[in-house]
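Working notes for the structure below.
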Amino acid sequence: MSAKRGLDLLEAGVLLLLLSPSLLTLALMIRWRLGFPVWFRQMCPDLNRRPFELVKYCSMLNDYDANRELLPSHLRLTSFGRWLRATRLDELHELWNVLRGI
């Protein structure tokens, strides 16, 4: 393991421990305000173009139309979701991706 990777693991681990009460509170707020699921998962390429699963907090509702298709993003984004994105709190969970080596 390189020194940079070791430092990344240490920093992400310490931050996750320190922020865990806030992360739990945020997850409960998302569950209460936006419903289920709390986490958004998406396949993305890494620096070497290998696919990995990106995990973030949800910031939109999962509302569907009569044809069972997701509504457009602008209709699913609430004021709470806009606040999550503006403060970048929806991306705090990405510390977990650092621990996973992504």
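Just so it is clear, none of the values below were taken in a lab; they were calculated from the coordinates. Nothing here was measured: the structure is a model prediction, and the numbers come from that model. Methodologically, a virtual Cβ is constructed for each residue, glycine included, from the backbone with ideal geometry; neighbour enumeration extends over all protein chains shown.
Quick notes
- Under 5 Å from the amide H of residue 54 lie the amide H atoms of 42, 43, 44, each residue being 5 or more positions distant or on a separate chain, with H modelled from the backbone and absent for Pro and chain starts.
- Helical mean residue ellipticity (222 nm; -39500 (n - 2.57) per DSSP H run of 4+; nearest 500) of the chain: -16000 deg cm²/dmol
- The phi-based Karplus calculation (6.51 cos²θ - 1.76 cosθ + 1.60; θ = phi - 60°) puts the 3J(HN,Hα) values of the stretch 89-99 at 5, 5, 9, 4, 5, 5, 4, 4, 5, 5, 4 Hz, whole numbers, x for Gly and Pro.
- Ranked list, fewest to most other Cβ atoms within 10 Å of each Cβ, for 29, 43: 43, 29
- The order of 56, 4, going from fewest to most other C-beta atoms within 10 Å of their C-beta, is 4, 56.
- Proxy reagent accessibility, fewest Cβ within 10 Å first, across 58, 44: 44, 58
- Rg ratio for the chain: its Cα radius of gyration over 2.2 N^0.38 Å, N being its residue count, equals 1.24.
- Principal-axis analysis of the Cα atoms of the chain puts helix 3-34 at an angle of about 20° to the longest axis.
- Size of electric dipole in the chain: Cβ of Lys, Arg +1 and of Asp, Glu -1, about Cα centre, debye, nearest 20: 60 debye
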